[in-house]
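Participant: Have a look at the structure that comes next, please.
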Amino acid sequence: MGKFFIPATILLVLANIAFAASFDVKVTPINDNIVVDEVAEFDIAVQNNLDVDEEYTIKKAGYPFWDMYTKPLQNPITLKVPAQSTLSIRLFVDPLYITSVDTYTLDVGVVSGSSGQEQKAPITVGIKSTEPLIGGYIPTVLTSTSISPEKIDPRGEFTIKIVLNNQNVLDYPNLTVRIESNLFKDELFVPLGPKEDKTIEVTKKLDPMTIPQEDRLVIAIFKDERLIVSPIVKEFGVIEYVTQEDIPKEQSFLKIRKGVKVESNNPDYNGVVKVETTPLKNLFVTTFPRAEITKEDGKHYLVWQVVVGSDRTISVYTTENYRPIVVIIVLVIAAVALYFLFRSPIVVRKGIGNVGMSEGGISEAKIVVRVKNRSANQITDIEVMDNLPHIAHVERELSIGSMQPHAILKHPKKGLMIKWNIETLEAGDERVLSYRMKSRLPILGELSLPAASARTKVGEKVIISNSNRVSVGG
């Protein structure tokens, strides 16, 4: 079987037909017969034959003799057409260097964004008069612009620099320079002499809360509402900033309130605030909002995760409150003072010694009761009492510095009651009271004796002081 070949030229033709079918262009004149200082108008209609949305670019033609633009200004000129739909855009055509009455045809290119295919759309402009020419010249001013800085901090100023160069001998007493962007608009009136170069600097300042964004600066030059310079576009941006500012502290008695204010032009800012602290200080610090405590490089910090609010600011606070510790100290001092003020002036201490053993148990022991006047005044008529269990009895003994019991009484429940009467006890003096206890039977295990007590009257107040309990064996 022989092979079938398709010539390359036929394939190219078929491809072009396929591409051509993807969109169609139609030019409709609105005002195509003008005076040389007027502007012609045409509607460029693009029909999208595809099943998807498509964006088309309108390529200018005829520069530098002709200028083409849209209202509002676009650079580049684009048109987004939905699938299987037709949209049009108004194109303004301005003769710049045309000096004779004639008919002119310009091929405007329409380029598909997805395929790159281009179709030519011829537009025809008739110049019916050149009377607006001045001395045979069409007004021509070369223009350039710059913005410094190109990344703008909205808290500071920025400068727009515009350079105008008059290319002919025309005199412009009052050119209109229009400056436009999404963020600001300005209009300047500038004289420009024949062949003159002039530099204009405009200093501007944005709202400090302008959000971060990318923008375009468009410069257009007009003479008597006639656009004589194709609009110049300069890209610039507004940057994000974040500041942390200490709030003046508020002080009162043993209380300090400090704060940090965070401000950003980004309404979605999410960041961290850190304040150095110490473990000791943390005992007395409260935070609002609540902060986390972290340790970095041996230092302690209070850390907040902050999100700015609708006003793009947020404040965090720490409060150092030392009042509780002062209150505690005052209470302790008051308690100590009250203790010394109301404590018993008599101190009673009880001890046991010289324990004798018999048949594996305790048979005897010496009991010593010490009574001391710890006040600064003399105390009189002190009655001292001590108790012994029924199993024991008391033997008097004589020892230097000790005072023997005045009475030994039997009590049906408490056992033996040993009593001393001390007539006077000077300030700081101490009396030693002692007796020897003997048990009728050996006491096995631990012998525990109750506390002794001292009773007296100071003024109208009866004071009773008890000693410690004592035990032996076990």
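Participant: Looking only at the stretch 266-288, which residues are under 30 Å from ASP153 (Cα atoms) and among the charged types (D, E, K, R)?
Facilitator: ASP268, LYS274, GLU276
Participant: List the residue pairs whose Cβ atoms are under 6 Å apart, where the first residue sits in the stretch 446-457 and is of a type in the set (A, V, I, L, M, F, W, C), the second is in a loop (DSSP other than H, G, I, E, B), and the two are 6 or more positions apart or on different chains.
Facilitator: Pairs that qualify, where the first residue is of a type in the set (A, V, I, L, M, F, W, C) and the partner is in a loop (DSSP other than H, G, I, E, B), are ALA451/SER467; ALA451/ARG469; ALA452/SER467.
Participant: Exactly one of (1) without any contact (Cβ under 8 Å) to a residue 40 or more places away in the chain; (2) surrounded by 11 or more Cβ atoms within 10 Å (Cβ to Cβ); (3) in contact with a strand residue (DSSP E or B) (Cβ under 7 Å, 6 or more places away or on another chain); (4) of a type in the set (Val, Ile, Thr) is unmet by VAL308. Its number?
Facilitator: If we test VAL308 against (1) without any contact (Cβ under 8 Å) to a residue 40 or more places away in the chain; (2) surrounded by 11 or more Cβ atoms within 10 Å (Cβ to Cβ); (3) in contact with a strand residue (DSSP E or B) (Cβ under 7 Å, 6 or more places away or on another chain); (4) of a type in the set (Val, Ile, Thr), just (1) comes out false.
Matching residues to (1) surrounded by 12 or more Cβ atoms within 10 Å (Cβ to Cβ); (2) in contact (Cβ under 8 Å) with a residue 40 or more places away in the chain; (3) within 60 Å of the chain's Cα centre (by Cα):
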{"residue": "GLU383", "(1), (2), (3)": "yes, yes, no"}
{"residue": "ASN387", "(1), (2), (3)": "yes, yes, no"}
{"residue": "HIS406", "(1), (2), (3)": "yes, no, no"}
{"residue": "GLY428", "(1), (2), (3)": "no, yes, no"}
{"residue": "GLU460", "(1), (2), (3)": "no, no, no"}
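Participant: Return the residues of the stretch 169-203 that are surrounded by 15 or more Cβ atoms within 10 Å (Cβ to Cβ) and either of a type in the set (Lys, Arg) or within 20 Å of LEU96 (Cα to Cα) (or both); say none if nothing qualifies.
Facilitator: Within the stretch 169-203, LEU170, TYR172, LEU175, THR176, VAL177, ARG178, LEU192, LYS198 meet the criteria.
Participant: Further, regarding this structure: Would you be able to tell me the number of residues in the stretch 423-474 that are more than 22 Å from HIS390 (Cβ to Cβ) and at pLDDT below 85?
Facilitator: Number of matching residues: 3.
Participant: Only one of MET417, MET403, MET437 is touching a strand residue (DSSP E or B) at 6+ places or on another chain (Cβ under 8 Å) and within 19 Å of SER358 (Cβ to Cβ); which? Spell out the reasoning first.
Facilitator: On the way: MET417 fails: within 19 Å of SER358 (Cβ to Cβ); MET403 fails: within 19 Å of SER358 (Cβ to Cβ).
Testing whether each residue is touching a strand residue (DSSP E or B) at 6+ places or on another chain (Cβ under 8 Å) and within 19 Å of SER358 (Cβ to Cβ) leaves just MET437.
Per-residue answers, yes or no, for (1) crowded, with 16+ Cβ neighbours inside 10 Å; (2) within 30 Å of LYS223 (Cβ to Cβ); (3) modelled with pLDDT of 95 or more:
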position: LYS60; (1), (2), (3): yes, yes, no
position: LEU73; (1), (2), (3): yes, yes, no
position: THR103; (1), (2), (3): no, yes, no
position: GLY113; (1), (2), (3): no, no, no
position: GLY116; (1), (2), (3): no, no, no
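Participant: Do the conditions hold for LEU331, that is, is it assigned to a helix (DSSP H, G or I), of a type outside the set (Lys, Arg) and modelled with pLDDT of 90 or more? If you could, list the steps in order and put the result at the bottom.
Facilitator: Details: assigned to a helix (DSSP H, G or I): yes; of a type outside the set (Lys, Arg): yes; modelled with pLDDT of 90 or more: yes.
Against the criterion (assigned to a helix (DSSP H, G or I), of a type outside the set (Lys, Arg) and modelled with pLDDT of 90 or more), LEU331 qualifies.
The values are calculated or read from the model by the stated rules, or taken from the named source; none is laboratory data. This one's a predicted model, so the numbers in the text were calculated from it and none came from an experiment. FYI the Cβ positions are ideal-geometry reconstructions off the backbone, even for glycines, and counts take in every protein chain you see.
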